[in-house]
C-alpha cells in the first residue's frame, strides 16, 4: 500500500509538472506571436510581477519595436525548454534571414513571464590546444566572399570588411553602394562615419597627451575644465565609463533649441547651467557614457589649444601616416567630400533613405557638431595604417597601449568590462581581445583586435547592419582556421 501511495503521488506530481510545462510553453508562444504581429498590449498581457509594471506596452514598443524596425518582421523559429520555468525563443527577421537571435523568458507558477532578455554575449575565442593550419589566401577569400555575399544579397549588408594578420591585409572586401542617389560603389578608400568606434581614437589622443606629460590619468577633470560642476570624476573614469555623469543627449532633448546645431561647448555649458544629478558616484560602477567622451574631447581642446579635429590630426592621424582619416561634421560644415559612404536606413515599408529625410531621425542634424564620442571618419586603407602604427608602437608606446587594454576596476575593486577606450574580453582559456562597436543613423561599425597575436578585423556598414559584431567574429574565426 505504501509503494502504491508513493507511485500515485509521483504520478500526480508528474501530471501537474507536465500541465505547468504546457501552460508555460503556451505563454511563451503567445508572447512570441504577439511580438510577430507587433501587438505590444498582448505582449504585456503575458507579463507578471514587477516586470508587468516596468514593461508597459509603450516600453515594449520602444525596445521590441526598434528590433522590428531595423531587422524586419520577427518570426519564431523554435522554442526550447531550458528548465520547467525557463524557455529560450529563437527569432529570425524578415530583413535578415541569415541570422537568428535567442531570447530567454522565465515564468512564474501562474505561467506569467517574470523575467526576460539576454546578457550581451562576450566575444570569446578559445585558445587552441593544438596549432591549426592557417588557411591559404585563396581559401580565405573563397570562404569569406561566400559568407559576405550572402549577407549582402539576403540581409542588405552594404559595407567594407578587412582582416589584418601579422601586419598584412589578408582579406579586404567592399560590397554595395556608397551613395544610393548616384550609384557610386564602395571601395577601400571610401570614408565611413565610425560612430562610437571613434572613442578608441579619443582615448588614444588622451594617452598621447599623458605621454607628453600634459596630463595624468588620475587628474580630476576639473583641473582641465574648472567650470565642470562634478568635482571628483577623473580622466581615467571618463575613459573607462565609470564616471557616472548624466547623459548629454537626454539633457539636450529637454533644453536645446533644435534649430541650432549643438557643439561640445554647448554640452559643457548645459552641464554647467542645469547641473543634472549624476547617475552614480564616480568609480562606483561601469555604465556606458557618451558624455564622458565629449568631455574628453573638451579636455583635448583645452590642453592643445586646438579644435578637436585639428588636435586629432596633429596628435594621431598625421603621425600614423593616415591619408583620409578626419573628424567630419557632415551637416555643420556643409562640406561635401568625395568617396564618402552615405548612411541609409529603412523606413516602415523597408525602403532605404538618408536619415536626414526621416523626421524621427532629426537629431542627426542638431547633434552634428558634437565630437569625441563619434565623428571620426576613416576607411579600410587608413585603418590598416592605424593598426600598423599601434602594433609597432609608432604613435603610442606599448606601455600606454597596455594600460588601454587592461581591465579597469571600480573603487571597490570589482573588475569592469572595459579598459581605457576599449571593451575587453577573454583571458584564461580564451584569447584576450579588445573591441568596440559604433552605431549612428545609417551606420554600424565594429573593430576587433587580438591582444596576444597580430590579428585585427574591421567591419564598416552604411546600411546600419545590426550584426556587425557577428560578422567580425566570423571573419576572425575563418582567419584563425576555425
(message) Exactly one condition in (1) within 23 Å of residue 310 (Cβ to Cβ); (2) touching a strand residue (DSSP E or B) at 6+ places or on another chain (Cβ under 9 Å) is false for residue 238; which is it?
(response) (2)
(request) Answer yes if at least one residue in segment 114-125 is loosely packed, with under 11 Cβ neighbours inside 10 Å, farther than 30 Å from residue 59 by Cα and modelled with pLDDT of 90 or more, and no otherwise. (result) no
(request) Tell me, please, whether a residue that is free of Cβ contacts under 8 Å to residues at least 12 places away in the same chain, assigned to a loop (DSSP other than H, G, I, E, B) and in contact with a helix residue (DSSP H, G or I) (Cβ under 7 Å, 6 or more places away or on another chain) can be found in segment 184-201. (result) no
(message) For segment 433-471, which positions are part of a loop (DSSP other than H, G, I, E, B) and more than 24 Å from residue 134 (Cβ to Cβ)?
(response) 441, 442, 462, 463, 464, 465, 466, 467
(request) From 153, 190, 202, 182, grab the single residue that is assigned by TED's automatic domain parsing to the domain that holds residue 351, more than 22 Å from residue 98 (Cα to Cα) and surrounded by fewer than 21 Cβ atoms within 10 Å (Cβ to Cβ). (result) 182
(request) Would you mind telling me which numbered condition in (1) in contact with a helix residue (DSSP H, G or I) (Cβ under 8 Å, 6 or more places away or on another chain); (2) at pLDDT 90 or above residue 137 fails? (result) (1)
(request) Spot the failing condition for residue 343; the list is (1) more than 20 Å from residue 178 (Cβ to Cβ); (2) not in a helix (DSSP H, G or I), and only one is missed. (result) (1)
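Among helices (runs of 4 or more DSSP H) lying entirely in segment 243-335, which contain 3 or more residues that are in contact with a strand residue (DSSP E or B) (Cβ under 8 Å, 6 or more places away or on another chain)?
Because the criterion is at least 3 residues that are in contact with a strand residue (DSSP E or B) (Cβ under 8 Å, 6 or more places away or on another chain), the helices (runs of 4 or more DSSP H) in segment 243-335 that meet it are 308-312.
Criterion first (in a strand (DSSP E or B) and touching a helix residue (DSSP H, G or I) at 6+ places or on another chain (Cβ under 8 Å)) does residue 420 satisfy it?
On the way: in a strand (DSSP E or B): no; touching a helix residue (DSSP H, G or I) at 6+ places or on another chain (Cβ under 8 Å): yes.
For residue 420, the condition - in a strand (DSSP E or B) and touching a helix residue (DSSP H, G or I) at 6+ places or on another chain (Cβ under 8 Å) - is not met.
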(message) Taking the criterion of being farther than 21 Å from residue 440 by Cβ, within 25 Å of the chain's Cα centre (by Cα) and in a strand (DSSP E or B), would at least one residue in segment 117-137 satisfy it?
(response) yes
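Give the residues of segment 216-242 that are assigned to a loop (DSSP other than H, G, I, E, B) and over 13 Å from residue 268 (Cβ atoms), sorted by residue number.
Correct list: 216, 217, 218, 219, 231, 232, 233, 240, 241, 242.
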(request) From (1) surrounded by fewer than 17 Cβ atoms within 10 Å (Cβ to Cβ); (2) within 20 Å of residue 184 (Cβ to Cβ), pick out the condition that doesn't hold for residue 349. (result) (2)
(request) List the helices (runs of 4 or more DSSP H) that sit entirely inside segment 349-413 and contain at least 2 residues that are closer than 30 Å to residue 216 by Cβ and in contact with a strand residue (DSSP E or B) (Cβ under 9 Å, 6 or more places away or on another chain). (result) 380-392
(request) Looking for whichever is in contact with a strand residue (DSSP E or B) (Cβ under 6 Å, 6 or more places away or on another chain) and outside any loop (DSSP other than H, G, I, E, B) here; the options are 62, 104. Which one fits? (result) 104
(request) Please work out which residue is surrounded by the fewest Cβ atoms within 10 Å (Cβ to Cβ), limiting yourself to segment 156-177 and to residues that are on the phi > 0 side of the Ramachandran plot and either in a strand (DSSP E or B) or out of contact with any strand residue (DSSP E or B) (no Cβ under 9 Å at 6 or more places or on another chain) (or both). (result) 167
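The values are calculated or read from the model by the stated rules, or taken from the named source; none is laboratory data. Nothing here was measured: the structure is a model prediction, and the numbers come from that model. Neighbour counts are summed over all protein chains in view; Cβ atoms, including those assigned to glycine, are modelled from backbone coordinates with ideal geometry.
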